[in-house]
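Here the structure comes first, spelled out in structure tokens, and everything after it is commentary.
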Amino acid sequence: MAIWVRVASVDDLKDQNPFLAVLHHREIALYRAKDRYYATDDLCSHAEASLSEGDLKGYVIHCPRHGGQFDIRTGEAKHFPAYAPIQTYPVKTDGSEIFIELEEE
């Protein structure tokens with residue numbers, strides 16, 4: 001069963017600056033791009049680097065370790081050496097709060 005979990009306030013996210021949220025033993029990278037919010041696993045599928053420490057350009061997050069790239073909307077790997085996708089999460093806002101949908105553990 002899926003639940004909506006509060007992860008941040010809209011004030012925590014600046015356009016094009018990733019944000020790390022830690023909850024339920026998960027590290028989630030949050031993004032604000034073109035006034036919309038997105039969420040992915042924080043861990044790069046290639047080299048265990050924190051994507052929230054990477055550079056966001058448009059809808060593409062650049063891994064800080066080896067330059068792999070992922071589309072934050074779909075999780076699709078867009079540039080070598082990354083080839084495996086990353087998990088994305090549905091995001092909604094309620095007032096100034098940001099929520100992501102997680103499967104209950």
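Before moving on, here are some points about what is shown:
- For region 64-79, Karplus couplings with θ = phi - 60° (6.51, -1.76, 1.60), whole Hz, Gly/Pro x: x, 8, 10, x, x, 10, 9, 7, 6, 7, 10, x, 4, 6, 10, 8
- The gain in end-to-end length when the Y83 to S9 segment is fully stretched comes to 23.5 nm, 0.36 nm per residue minus the alpha carbon separation.
- Descending semi-axes in whole angstrom, ellipsoid equivalent of the chain, from the Cα gyration tensor: 21, 15, 11
- Proximal charge balance of P85 [Cβ under 13 Å; K/R count +1, D/E count -1]: -1
Computed from the coordinates by the stated procedures, all read-outs in this text should not be read as laboratory data. Given the structure is predicted, the values throughout are model-derived calculations rather than measurements. Methodologically, a virtual Cβ is constructed for each residue, glycine included, from the backbone with ideal geometry; neighbour enumeration extends over all protein chains shown.
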